[in-house]
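The values are calculated or read from the model by the stated rules, or taken from the named source; none is laboratory data. Remember, it's a predicted structure, so these values are computed and weren't measured experimentally. Glycine gets a Cβ as well: all are built from the backbone with ideal geometry, and neighbour counts include every protein chain shown.
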Amino acid sequence: MPEPQPHLPLAGLLVISLEQAISAPLCTRHLADFGARVIKIEPPGQGDFTRHYDDVVHGLAAHFVWVSRGKESLTLDLKSEAGNELLHRLLVDADVLVSNLGPGAVDRLGLGADELAERYPRLITATISGYGTGGTLDHKRAYDLLAQAEAGSCAITGWPGQPAKPGIPIADVGTAMYAYSSILAALYDRERTGRGSAIAVSLFDTVIEFMGYALNHARHSGHDQPPNGLSSPSVAPYGAYPTSDGQTVVLGTTNDGEWRRLAGRMLGRDDLAADPRYAHNAGRLAHRAELDEQISAWCSARPLAQVQAAADAAGIGNARYNTPSEVVTHPHLASRGRWRDVDSPVGPIPALLPPPVVAGWEPRMGAIPGLGAHTDQILADLGLSLGEVDELRRGGVV
């Protein structure tokens, strides 16, 4: 069991997670970072399938390393009577149960929200699914790409006729964060009422929420805005431009004042700033191609540092287009101390701190667990002898 850290806000909470892939594991990783004890239940022998996606992190999988720190791994066959009974012995003292199993799996295991609420009234359950329940798709499996395709985000990414899945798994990540924030709200509510809550979040509903602007525009305009790569369908100029030293600068204007500063102060083109065709965003959208041509010509004649200095002086938002390998060594991360080493079965591994920075809280950043590494200790804490654990292991229960 990890050392208690009473200065962390979730210290003392016990979270049981029937998790796989990304959404539930990322949710519980955030709970662990802020002090909760998280027991990750994995199938004996194989574990979470993301353990086997690749072996690029010194033999461990990149996805698994990302979402698994700070947890204890308990191998348990929940389909067996003995394994299911052991899970319920854990739930007696648990505060939260998180799951993202396949459609209908929690009900088949006797772990439906209504059933658990009656048996453990203080327990908070967070069930993550592909499409929620009650609709025409609730029987279907859903992974990040599938949910994004169904909910429309792939259609607004890429280029016309060349749709793409966003590189970040936004369905998984967004669902994880909605589950996480809902659990925190439920814990607060339990302090006042003494009762747990049944939370249900789906990948599909998460992407639909993220599609808010695009759906509003489609509903009220009667047409779909085409995707346009490294730009925005709603504001112009806003996009990526090559520089003379082979780099790419990304510039953004979000209002008429910023446009006038970009044109007049940054480009030195008072004629563009005063041109009535470009005075408002609708006109700039209509003339996006010619504005991009002017900005590209100016940027391509100058190195990145000069372009960014001019943009900063004019108060124009700007960024350097970076690849993941360049972000790994990003000086902004290094100068702010955002990297930490976490323990793992293969030794220390660098990991990024979670995004929230809260005075007085130092995220736990616990070890990445080996498969079943905590099984014996967790079962011993439940009162099982070594002989009983060995018998369960021989029977394939753990």
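Scanning the range 196-211 for residues that are under 18 Å from residue 143 (Cβ atoms) and acidic (Asp, Glu) yields a total of 1.
Scanning the range 121-134 for residues that are buried (at least 16 other Cβ atoms within 10 Å of the Cβ) and of a type in the set (Val, Ile, Thr) yields 124, 125, 127, 128.
Per the listing 174, 110, 130, the residue uniquely assigned by TED's automatic domain parsing to the domain that holds residue 22, under 30 Å from residue 215 (Cα atoms) and free of Cβ contacts under 8 Å to residues at least 40 places away in the same chain is 174. Helices (runs of 4 or more DSSP H) fully within the range 272-386 that include at least 3 residues being surrounded by 12 or more Cβ atoms within 10 Å (Cβ to Cβ): 281-286, 288-300, 304-313, 375-381. Selection of the range 206-247 for residues being assigned to a helix (DSSP H, G or I) and more than 27 Å from residue 130 (Cα to Cα) yields 220, 221.
Residues in the range 151-199 that are under 24 Å from residue 29 (Cβ atoms), in contact with a strand residue (DSSP E or B) (Cβ under 8 Å, 6 or more places away or on another chain) and of a type outside the set (Gly, Ala, Ser): 175, 178, 183, 187, 190, 199.
Return the only residue of 67, 56 being at negative phi, touching a residue at least 24 places away in the same chain (Cβ under 8 Å) and not charged (D, E, K, R).
Values: 56 fails: touching a residue at least 24 places away in the same chain (Cβ under 8 Å).
From the options 67, 56, the qualifying one is 67.
Checking each residue in the range 216-241 for being surrounded by 15 or more Cβ atoms within 10 Å (Cβ to Cβ) and either under 30 Å from residue 136 (Cα atoms) or touching a Ser or Thr at 6+ places or on another chain (Cβ under 8 Å) (or both) picks out 217, 218, 225, 227, 235, 236, 237, 238, 239, 240, 241. In the range 253-271, the qualifying residues are those that are out of contact with any Asp or Glu (no Cβ under 8 Å at 6 or more places or on another chain) and surrounded by fewer than 17 Cβ atoms within 10 Å (Cβ to Cβ), and the one that is modelled with the lowest pLDDT is 254.
For the range 248-263, what are the residues that are hydroxyl-bearing (Ser, Thr, Tyr) and assigned to a loop (DSSP other than H, G, I, E, B)?
From the range 248-263, those hydroxyl-bearing (Ser, Thr, Tyr) are 248, 253-254; that's our starting set.
Those that are hydroxyl-bearing (Ser, Thr, Tyr) and assigned to a loop (DSSP other than H, G, I, E, B): 253, 254.
Do you know which residues across the range 371-398 are touching a strand residue (DSSP E or B) at 6+ places or on another chain (Cβ under 8 Å) and either within 30 Å of residue 181 (Cβ to Cβ) or among the β-branched types (Val, Ile, Thr) (or both)? Correct list: 371, 373, 374, 375, 378, 398. Test residue 200 against the criterion of being assigned by TED's automatic domain parsing to the domain that holds residue 149 and not in a loop (DSSP other than H, G, I, E, B), and give yes or no. It is true that residue 200 is assigned by TED's automatic domain parsing to the domain that holds residue 149 and not in a loop (DSSP other than H, G, I, E, B).
Among residues of the range 112-150 being acidic (Asp, Glu) and in contact with an Asp or Glu (Cβ under 9 Å, 6 or more places away or on another chain), the one that is farthest from residue 24 (Cα to Cα) is 115.
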